[in-house]
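Please read the structure below before turning to the comments.
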Amino acid sequence: MTRKIITASIAALTIAGAVSATATPAAAWHRYHGGWGWGGPAIAAGVIGGLTLGAMAASAQPAYATCVQRTAVYDDWGRFRGYRRIRVAC
């Protein structure tokens, strides 16, 4: 649940950053007539920031704790074959 909230908020921040980086100011006349303005660096910063936040979200550990539990293993004929360790949420 927490991981979904973090991922959604990172996505919202990335979209908000992209929208604010591409918004044109009211006095943008020089950009369309030979000037460069701040469009290029702002877009590059948005792309780098988005990639960084995406990598951080992908490498995040789960927010819940896990424990190891033993469970019995049986074959197809119902004979006991031993124990297997499985990971369960605590």
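Worth pointing out:
- Among the residues of the stretch 56-87, those identified as surrounded by 10 or more Cβ atoms within 10 Å (Cβ to Cβ) and either closer than 30 Å to Ala16 by Cβ or at pLDDT below 85 (or both) are Met56, Ala57, Ala60, Ala63, Tyr64, Thr66.
- Annotation note: Cβ proximity below 8 Å between a residue of the stretch 46-60 that is in contact (Cβ under 8 Å) with a residue 12 or more places away in the chain and a residue that is among the charged types (D, E, K, R) (sequence gap 6+ or interchain) occurs for Ala60/Arg3.
The values are calculated or read from the model by the stated rules, or taken from the named source; none is laboratory data. Everything numeric in this text was worked out from a predicted model, so none of it was measured. Positions of Cβ are backbone-derived with ideal geometry, glycine not excepted, and every protein chain shown enters the neighbour counts.
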